[in-house]
1. Within a 10 angstrom radius of the beta carbon, how do B:T23, B:T144, A:T93 rank from fewest other beta carbons to most?
2. Within 14 Å, Cβ to Cβ, of A:Q7, how many net charges do the neighbouring residues add up to if Lys/Arg are +1 and Asp/Glu are -1?
3. Positive end of the charge dipole of the stretch A:128-249 (Lys, Arg +1 and Asp, Glu -1 on Cβ, about the Cα centre): tell me which of A:V229, A:A202, A:P145 has its Cα farthest that way.
4. Using a 10 angstrom cutoff on alpha carbons, build the Gaussian network for chain B and name the most mobile of B:Y145, B:Y17, B:Y55.
5. Arrange the following residues from fewest to most other Cβ atoms within 10 Å of their Cβ: B:W156, A:W81, A:W136.
6. How high is the relative contact order of the stretch B:172-239, in percent, with contacts defined as C-alpha pairs under 8 Å that are six or more residues apart?
7. Based on the Kirkwood radius over alpha-carbon pairs, what is the Stokes-Einstein translational diffusion coefficient of the protein assembly as shown at 25 °C with 0.890 mPa s viscosity, in µm²/s?
8. In the stretch A:184-249, which GluC sites (Glu not before Pro) are in a loop and have at most 15 other Cβ atoms within 10 Å, using DSSP for the loop call?
Amino acid sequence: MSLLDLQRDMRAWLAREDAAAAERLGGTDIAPGLRVHQNNFRVQLATCLEDSFARTCDWIGGEDFHQAVVAHVERVSPSSWTLDAYPRDFPATLGLLHPADPEIAELAWIDLALAKAFAGPDAVPLAPAELGEVDWDHAILHLTPTLDLTDLATNSTAIWSALAEGAEPPPLQLLPEMGAILVWREGEAARFRAIGQLELQALLSVRAGLPFSGLCATLVEELGEQAGVAWAGQLLGQWLADGLIVSITTGIA
Amino acid sequence: MIASFAGFGLGLRKPHYAEFLETKVAVDFVEVISENFMVDGGRPRRILREVRDRYPVALHGVSMSLGSADGLDGAYLARLRALVEEIEPLFVSDHLSWSRIDGFNSHDLLPLPYTREALELVCANIAHAQDVLGREILVENPSTYIDFAPADMTEWEFLDRVCARTGCGLLLDVNNVYVSASNHGFDPLAYLDGVPHDRVRQIHLAGHSQGRELLIDTHDQPVPHPVWNLYAHVLPRLGAVATMIERDDAIPPLHKLLAELRTARRIAGAPARAAA
């Protein structure tokens, strides 16, 4: 047997417990070793998911979480050199397993996004004192590279926070209108904040390169002159306080 | 030829970060798992930079997959190279094993058949890794649970040829020799006498556990007497080497690992080292 065939058979054994592949590899002569590697493979992946989704596990309970882990290991094979990549598809698996419980996949998204932000690229937030010389007519805000955003349909942020503090989580509630969440790292602490769709769209636009004046114009169009300008100022202050803005350029060549 | 470093060290693990950073621990070097620090930024990279300011660091990997029949992962090597350039480690090491094939990654150190075909492939992969990294690497003998037959050579003959053909060094894991010898019924002394002694630059010492049918390389126990005896057997045959205690699970307080390290120093006839 060639080395390539041997390795493909080993893959078939690990991923699908393929008995024919095990037989070709050596059958009963090597069965104890095959069992060791099968166990190593599954335990590694299960431990990785358990470590990555602690609050999700708290919410759905150990038995349901274990069933989800088993389903995920069956559904998704690891492909990256780093185990950190393996949890990325787990929220989707939870969504498939619990289609009527949107907060479960949302909690998993929060667990995952916080872990990604924790080891994401470093960036130094802009200090308010550095705003003095900014040409606001042409200013483009550059946001921290750990920024992550998604929609939320439930009060999952409140549930997550309560679980993290060891407190009784609030009852599940569907939000009256679609909300959102932003996750980022400030210093060495990964943080999140529940936001509305208006701030979500503002952050997405700014991240895509919309100048601050363009954001102001958009908000004025949506909210009217006074409220739009006030909103833009409020968002700028909030983003500075959160450490989300890392630099401002003018966009003029 | 990789420069020798004579010293005694420990694997850097999370429960001991603060002690390593806030005190001068009585070690000559620390070894870190490369992949834990091959991240973009944040606390892991800051910790490693600060540790590197205080101690020589060896980078030990588990994901290079030197035995993959479809070659090495270029993205992995690029990330490792960036870490190597930043940390300037004593050694860069990985295992004589494979983890990845056709885009599937087992995250386990899977065994190779010791055939001429595997020898050609492993040598080509090591040469490629060394080209990308711009330096020679150390290859560690694995604990194995499967002995693929038929083989063209023993594991120690395989390692001897790999070192001779690629210029790589050897990270000799004495516990792995003991575990594999027990699992496959070969003489561990023949193994230790058969490896290329002039290529050994680092030694791992660790513990293991008895599984249902096989010894398992769990790294969750103190170094047992048979492994100390093998260490005492091989050490006089080697030149200057870096010895370290490798513990990955059931991690005890640091002073217990330092006590094991003092045992290694005593066996080596090295003077004890006081913490600063």
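A short reminder: the numbers here are calculations on the coordinates, not readings from a lab. All of these numbers come straight from a predicted model, not from anything done at the bench. No Cβ is skipped: glycine too gets one built from the backbone with ideal geometry, and neighbour counts run over all protein chains shown.
1. Starting with the residue having the fewest Cβ neighbours, the order is B:T23, A:T93, B:T144.
2. Computed value for this residue: -3.
3. Projecting each Cα onto the dipole axis, the largest value belongs to A:P145.
4. Of the options given, B:Y17 has the highest mean-square fluctuation.
5. Values: B:W156 21, A:W81 25, A:W136 14.
So the residues, fewest neighbours to most, are A:W136, B:W156, A:W81.
6. Once normalised by length, the contact order is 38 percent.
7. 95 µm²/s
8. A:E188
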